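**Q** I am attaching a structure below and will ask some questions about it afterwards.
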Amino acid sequence: MLLTLNCGSSSIKYAIFDDKLNCLTKGTRENIKDHQKELQSIIKKLKLDKNNEKLIIAHRIVHGGQIFTKSTIITSKNIKKLKSLNTLAPLHNPIQTKCIKFCLKLFPKSQNIAVFDTAFFQGLKPEHYLYALPSDRHKTYNIRKYGFHGISHHYLIQETIKKFHTKNLKIITCHLGNGASITASKNGLPITTSMGFTPTGGVVMGTRCGDIDPAIIPYMMHQKKLSISDITKIITSQSGLLALSGKTNDMKTLLERQKKDPKAKLAIQIFINRIVEYIGSYIALMNGADVIVFSGAIGYRSAFIRNQIKKHFTYLPNIKFLTLETNEELMMAKEAQKG
């Protein structure tokens with residue numbers, strides 16, 4: 001039996017799979033303040049045996065850095081290495097690490113396997129993952145593009161290949177939600193992706209700024225005497241759609257307000273523009289594209305957003321558009337089953 005846990009900053013998605021990867025049950029808990037208490041409630045509901053040696057628990061971890069380049073069994077020994085990556089994904093990794101630590105104590109005889117969002121992008125070529133910084137910075141601090149939402153992009157690419165019955169495809173996958181990223185792939189393998197060293201880069205997101213001129217950060221710190229903690233909070237939790245609209249990071253709410261609220265309309269347009277810019281650059285990079293895939297809470301649910309993006313590519317009539325619901329839990333279960 002497999003339990004998958006996807007612990008976000010204020011939510012937990014869980015699923016139970018049998019040995020043949022059939023999903024037996026799944027659910028989501030939102031607006032969570034105490035993850036440990038919520039996990040206990042989920043485990044009680046699922047009636048899981050704490051002494052079950054055959055139970056495998058797969059945990060989604062956002063950032064694996066250079067330490068974890070593939071799915072890994074987590075123990076009390078290597079969890080310290082996992083904790084060392086917390087500063088690279090402050091909205092996600094600390095909570096996910098705590099959830100693993102809790103499960104290690106609660107299920108001492110079970111395997112806890114970390115499945116990393118960054119692992120899918122480990123095969124990127126240097127021309128796509130290196131930054132134009134002094135080389136000693138790359139080596140000393142492992143600074144490079146890592147890419148995120150890899151579990152989702154991997155699933156979407158695999159499903160697209162299945163639907164078109166060929167691997168010989170140039171695919172652009174758009175995972176659009178409160179966190180958003182775009183990935184270009186060819187023959188089933190990623191070429192490049194919008195998020196970089198951390199999940200803050202790339203397109204505009206719910207509360208994350210996406211790509212900005214890097215000189216803005218020291219300028220703001222100097223002008224307002226901000227600490228590293230202050231600036232981190234601004235670019236990860238106080239920016240994006242929330243900052244542009246001045247009211248909310250929820251796309252559904254912004255879409256409802258756009259006719260009456262100029263700031264909501266502007267926030268939506270900037271969100272769309274950044275996505276179009278990335279898709280356009282990836283089409284140029286790959287010398288064309290066969291399929292553009294939309295997924296994530298916004299990409300899958302909002303026909304308006306999809307149509308606003310699509311209209312920029314009418315000059316390329318051969319491109320197919322696909323809308324898919326991602327399934328990170330299934331991909332996590334597959335990875336965990338590999339051991």
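**Q** Counting C-alpha atoms alone, how compact is the chain: give Rg to one decimal and Dmax as a whole number, in angstrom.
**A** Just the Cα atoms of the chain yield Rg and Dmax of 20.1, 60 Å.
**Q** Turning to a different aspect of this structure: Calculate the length of the line joining the C-alpha centroid of segment 40-54 to that of segment 227-270, in whole Å.
**A** 39
**Q** Reachable aspartates and glutamates from K170, Cα under 16 Å, same-chain residues fewer than 8 places away excluded?
**A** Within reach: E159, D290.
**Q** Straight-line reach from K224: which lysines have Cα under 24 Å away, leaving out those fewer than 8 places along the same chain?
**A** K233, K247
**Q** Still on this structure: Mind checking the full-extension length gain between E256 and H138? Use 0.36 nm per residue of separation minus the Cα-Cα distance, one decimal, nm.
**A** Details: separation 118, 0.36 × 118 = 42.48 nm, distance 4.45 nm.
Result for the pair: 38.0 nm of gain on full extension.
**Q** Assuming R0 = 30 Å, can you tell me the calculated FRET efficiency for the pair A303 and I42, based on Cβ-Cβ distance, to the nearest 0.05?
**A** Values: r = 33 Å, r/R0 = 1.10.
Computed FRET efficiency for A303 and I42 comes out at 0.35.
**Q** Moving on. Based only on Cα atoms, what Rg/Rh ratio does segment 274-339 have, Rh being taken as Kirkwood's radius?
**A** Working: Rg = 14.6 Å, Rh = 13.5 Å.
That ratio equals 1.08.
**Q** I've got another one for you. Return, for the Cα atoms of segment 123-217, the radius of gyration and Dmax in Å, separated by a comma.
**A** 14.7, 46
**Q** Using a 10 Å cut-off on Cβ atoms, rank the peptides 140-149, 193-202 from the highest mean neighbour count down.
**A** 193-202, 140-149
**Q** Counting DSSP beta bridges in segment 2-116, what percent are antiparallel, to the nearest 5? Don't skip to the end; give the middle numbers.
**A** Values: 15 of 25 bridges.
Antiparallel bridges: around 60 percent, rounded to the nearest 5.
**Q** Tell me, what ³J(HN,Hα) does each residue in segment 130-135 have, in order and in whole Hz, if you take phi through Karplus 6.51 cos²θ - 1.76 cosθ + 1.60 with θ = phi - 60° and put x for Gly and Pro?
**A** 7, 9, 7, 10, x, 4
**Q** Taking K44 as the anchor, which lysines have their alpha carbon closer than 16 Å to its alpha carbon, excluding any fewer than eight residues away along the same chain?
**A** K13, K26, K105
**Q** For segment 150-328, what is the convex hull volume of its Cα atoms per residue in Å³?
**A** So the per-residue hull volume is 119 Å³.
**Q** Moving on to the next point. Can you order the peptides 86-98, 172-184, 41-53, 14-26 by their average number of other Cβ atoms within 10 Å per residue, highest first?
**A** Highest mean packing first, the order is 172-184, 86-98, 14-26, 41-53.
**Q** Ok, one more. How big is the charge dipole of segment 150-328 about its Cα centre, in debye rounded to the nearest 20, if each Lys and Arg gets +1 on its Cβ and each Asp and Glu gets -1 on its Cβ? Walk me through the numbers before you get to the answer.
**A** Numbers: 22 positive and 11 negative charges, 90 e Å.
Roughly 440 debye, rounded to the nearest 20.
**Q** Which residue fluctuates most in the GNM of the chain (Cα springs below 10 Å): F120, F304, F68?
**A** In the Gaussian network model the winner is F304.
**Q** While we're here: Multiply the residue separation of A215 and K162 by 0.36 nm, subtract the distance between their alpha-carbon atoms, and state the gained length in nm to one decimal. Walk me through the numbers before you get to the answer.
**A** Details: separation 53, 0.36 × 53 = 19.08 nm, distance 4.39 nm.
Full extension from A215 to K162 adds 14.7 nm.
**Q** Now for a different question. For the chain, give the magnitude of the charge dipole about the Cα centre (Cβ charges: +1 Lys/Arg, -1 Asp/Glu; no others), in debye to the nearest 20. Provide the component values of the computation, followed by the final result.
**A** Values: 50 positive and 23 negative charges, 106 e Å.
My answer is approximately 500 debye.
**Q** Counting Lys and Arg as +1 and Asp and Glu as -1, what is the net charge of the other residues whose Cβ lies under 15 Å from the Cβ of R137? List each step's numbers first, then the result.
**A** Working: positive: K139, R144, K145; negative: D136.
Around R137, the charge tally is +2.
**Q** Counting DSSP beta bridges with both partners in segment 150-328, what percentage is antiparallel, nearest 5? Write down the numbers at each step before the final one.
**A** Details: 11 of 20 bridges.
Bridges in segment 150-328 that DSSP calls antiparallel: roughly 55 percent.
**Q** Calculated from DSSP H runs of 4 or more alone, at -39500 (n - 2.57) each and per residue, what is the 222 nm mean residue ellipticity of the chain, nearest 500?
**A** Working: 14 runs with 137 residues, N = 339.
Mean residue ellipticity at 222 nm (helix-derived): -12000 deg cm²/dmol.
**Q** Around I309, under 12 Å between beta carbons, what's the net of Lys plus Arg minus Asp minus Glu among the other residues? It would help to have the intermediate numbers written out before the result.
**A** On the way: positive: R274, R306, K310, K311; negative: E277.
It works out to a net charge of +3.
**Q** Continuing with the same structure: On a C-alpha basis, how far is the centre of segment 147-166 from the centre of segment 293-330 in Å? Whole number, if you could?
**A** Here the two parts' Cα centres lie 13 Å apart.
**Q** Stretched out fully, how many nm does the piece from E53 to S281 gain, at 0.36 nm a residue minus the Cα gap? Numbers along the way, then the final one.
**A** Working: separation 228, 0.36 × 228 = 82.08 nm, distance 4.88 nm.
Separation in residues times 0.36 nm, less the Cα-Cα distance, equals 77.2 nm.
**Q** Antiparallel DSSP bridges in the chain: what percent, to the nearest 5? Walk me through the numbers before you get to the answer.
**A** Working: 26 of 45 bridges.
Around 60 percent of the beta bridges assigned by DSSP in the chain are antiparallel ones.
**Q** Starting at the first residue of segment 163-180, write each ³J(HN,Hα) from the Karplus equation 6.51 cos²θ - 1.76 cosθ + 1.60 with θ = phi - 60°, in whole Hz, x for Gly and Pro.
**A** These are the phi-based 3J(HN,Hα) values: 5, 9, 6, 7, 8, 7, 9, 9, 10, 10, 9, 10, 8, 10, x, 4, x, 9 Hz.
**Q** If the convex hull of the alpha-carbon atoms of segment 185-233 is projected onto planes in all directions, what is the mean projected area in square nanometres? Before the final figure, lay out the partial values.
**A** Numbers: hull surface 17.3 nm².
So the Cα hull casts an average projection of 4.3 nm².
**Q** Same structure again: For segment 101-110, just list the computed ³J(HN,Hα) in residue order, Karplus coefficients 6.51, -1.76 and 1.60, θ = phi - 60°, integers in Hz, with x standing in for Gly and Pro.
**A** 4, 5, 5, 4, 6, 6, 10, x, 9, 9
**Q** Can you tell me the Rg and Dmax of segment 58-147, counting just the alpha carbons, in angstroms?
**A** For segment 58-147, the Cα radius of gyration and maximum Cα-Cα distance read 14.2, 46 Å.
Read-outs throughout are calculated quantities, based only on the coordinates presented, and are distinct from any laboratory measurement. From a predicted model like this one, the values you see are computed outputs, not experimental measurements. Heads up, the Cβs are rebuilt from the backbone with ideal geometry, glycines too, and the neighbour counts pull from every protein chain shown.
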